[in-house]
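One structure is given here, and the rest of the page talks about it.
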Amino acid sequence: MLTTHQLTKLYEEGVSIIYRRNGLRGCSGLFDPGTLEATIYLPAPSPKERQITLLHELIHARDGQKGARIFNTRLDDDVEKEAQQTFKKNPELIQFIVALWKLPY
Ligand SMILES: [Zn+2]
């Protein structure tokens, strides 16, 4: 589970979060380990989907896949599972992220 401690560390390390329109087809978000940029594509199907994508990309950031983008479906399923569990057990983490990174929502 993603924690406030981990999120604070990511923020301090320079991870940034960017909302962008017109995502790649079928891609709701992306984390680039080279630039430490987490991109969330808009519009998301729902606010909940957008928030889970936010958690998902920050879990990638925490896992620090430096130097290589990993397109591994099985691994990504695990990340998505953790994002869903984090959202369910600790939904207020979203407000923490929004406040820390000063996101619009
Ligand atoms: Zn992923």
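Any read-out appearing in this document is the output of simple, stated calculations on the displayed coordinates, not a laboratory observation. Remember, predicted model here, so these are calculated numbers, not experimental data.
Odds and ends about this structure:
- Computed over the chain, relative contact order equals 30 percent, with contacts defined as Cα pairs under 8 Å that lie 6+ residues apart.
- Only helices enter the 222 nm calculation for the chain: every DSSP H run of n ≥ 4 contributes -39,500 (n - 2.57), and dividing by all residues gives -15500 deg cm²/dmol, rounded to 500.
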